[in-house]
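Have a look at the structure below, then the notes.
The values are calculated or read from the model by the stated rules, or taken from the named source; none is laboratory data. Keep in mind that what you see is a predicted model, and the values were worked out from it rather than measured. Note: ideal-geometry Cβ built from the backbone for every residue, glycine included; neighbour counts use all protein chains shown.
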Amino acid sequence: MFSMSSQNTRWKVRLNEKVESRVRGDLSARFGGECLETYRIKTRKGAGCLAYGQIASAKIPLSRMISPQLYWVMSGSEFTLDINNPEEPKILCVGNNPDRQNIYGAALGLYNSRIVKLINKKGMLKSSVIIDELPTIYFKGLDNLIATARSNKVAVCLGFQDFSQLVRDYGDKEAKVVMNTVGNIFSGQVVGETAKTLSERFGKVLQKRQSISINRQDISTSINTQMDALIPPSKISGLTQGMFVGSVSDNFNERIEQKIFHCEIVVDAEKVKREEKAYKPIPVITNFTDEDGNDCMKETVQANYRRIKEEVKQIVADELERIAGDENLKHLLQQK
C-alpha cells in the first residue's frame, strides 16, 4: 500500500515497484508507468472521483498510441476487412514492431477482433488465419474462433515458442483452452513443462522390455510389457533442426491411420533459392513525391494527424451541444 499526504494538491513520485491506490474523498490517483500523480478535485467526490481516476488511468496506455504514422495506417478506407468475401477476396498481411510491441499490439488486436467477426460466417470462401509469434499480440476471441471456425471453412494456424509464453500473456485458463482445442500440432525442440505436455498429449503405447541377468551359474532373460510414453519428453527436448513431432486430425471420409509422427522435414534448398530469385518487389501503394520530386511523406502524414484531431474535437463539440439541448441529459454536464 502506498500512502500520501492529502494536504499537498499535486505530487509526483517515482516508483520502483507496483503500488495499490485507494481513492477516498476528493483525492484521486493516476498511474503512468513509474510515475504516480495524486491531486485534489473539488468538483468530483466519491464515485465521481473514482470514475475520474479510472479515466485518467486509461489515458496512459492510450496516449502511447498517439502517433501520426499509426493514425495514417488506421485511417482511410482502401479496403474492407472481410477477407474471405466471395466478391472481393483479399490477402491481408500485418506485422508488429518489436521495439513498439505494446503499442502496435493494441492496434493489431483491434484489427484481429474485427476480422474474426467478419470471416467466421456461413457462405464465405475458404480462408486461413496464420499468426506467428502469437504472444506478441492479444487476440480477443481466439478460443471461440478455433472452436467454431472449422465449420465455416476457416483454418487457424498459431505459432509460438513455448506454452509458457501463452500462459504468461493470455492467462492460465484461456491458454489451456487454446492448447486443448487445437486439432493439429507440429513441434520442434521444446523443454520443460511444454515437452511433458506434448508427451502426454501423444499418449502411451504398450512396449516390450527385455532384461538379462548374468551370474556364475547361468544367464536368465525376462521379457515384460508395460505402457510407456510414445514420444518421451527427453526425445522432444533433444530434437535436432529439421526434426519434428506432432499429431494430426482427420475427417470421416479422409481417415489417417498414423496420426502421431516423429520425422524430418526435408527442405529442397535449390528450389527455395529459385523461388526467392523470382520474388517481385512490393508495389508502391501511395506515392508521397510531389511534382518537383520532393518527398512529402512527413508533411502529408502530419497533415492527416492534425485533420483527425480536429475532427475529433468537432465530434466532441457537437455531442456536448446535443446534450446541452436535451432536457433529460443536460444535468450531466458540469456547470461552470
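The figures follow:
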| quantity | calculated |
| --- | --- |
| Wholly enclosed helices (runs of 4 or more DSSP H) of region 137-248 bearing at least 1 residues of a type in the set (Asp, Glu) | 142-148, 163-170, 172-181, 192-202 |
| Extreme residue, modelled with the lowest pLDDT, among residues of region 72-100 that are part of a loop (DSSP other than H, G, I, E, B) and of a type in the set (Asp, Glu) | Glu78 |
| All positions within region 56-68 that are part of a helix (DSSP H, G or I) and surrounded by 13 or more Cβ atoms within 10 Å (Cβ to Cβ) | Ala56, Ser57, Ile60, Pro61, Pro68 |
| Output for region 254-292, where each listed residue is under 20 Å from Ile185 (Cα atoms), within 32 Å of the chain's Cα centre (by Cα) and of a type in the set (Asp, Glu) | Glu264 |
| Any chance Ile66 is hydrophobic (A, V, I, L, M, F, W, C) and modelled with pLDDT under 85 | yes |
| Selection from region 213-245 of residues that are among the hydrophobic types (A, V, I, L, M, F, W, C) and over 14 Å from Ala195 (Cα atoms) | Ile214, Ile219, Ile223, Met227, Met243 |
| Criterion violated by Val177 - all others in (1) surrounded by 15 or more Cβ atoms within 10 Å (Cβ to Cβ); (2) at pLDDT below 85 satisfied | (2) |
| Residue pairs meeting the criteria (Cβ under 7 Å; at least 6 apart or on separate chains; first β-branched (Val, Ile, Thr), in region 88-108; second not in a helix (DSSP H, G or I)) | Ile103/Arg64; Ile103/Met65 |
| Test: residue in region 250-270 that is aliphatic (A, V, I, L, M), assigned to a loop (DSSP other than H, G, I, E, B) and at pLDDT 90 or above | no |
| In region 101-135, the residues that are outside any helix (DSSP H, G or I), among the charged types (D, E, K, R) and under 28 Å from Pro68 (Cα atoms) | Asp132, Glu133 |
| Counted residues, region 70-101 - those being surrounded by 12 or more Cβ atoms within 10 Å (Cβ to Cβ) and either touching a helix residue (DSSP H, G or I) at 6+ places or on another chain (Cβ under 7 Å) or of a type outside the set (Val, Ile, Thr) (or both) | 16 |
| Odd one out for Tyr138 among (1) under 30 Å from Ser63 (Cα atoms); (2) modelled with pLDDT of 85 or more; (3) surrounded by 14 or more Cβ atoms within 10 Å (Cβ to Cβ) | (2) |
| Output for region 305-332, where each listed residue is surrounded by 11 or more Cβ atoms within 10 Å (Cβ to Cβ) and small (Gly, Ala, Ser) | Ala324 |
| Selected residue (criterion: modelled with the highest pLDDT) from residues of region 277-336 that are small (Gly, Ala, Ser) and assigned to a loop (DSSP other than H, G, I, E, B) | Ala278 |
| Test set (1) free of Cβ contacts under 8 Å to residues at least 40 places away in the same chain; (2) surrounded by 10 or more Cβ atoms within 10 Å (Cβ to Cβ); (3) within 30 Å of Thr181 (Cβ to Cβ) - Glu254 fails condition number | (2) |
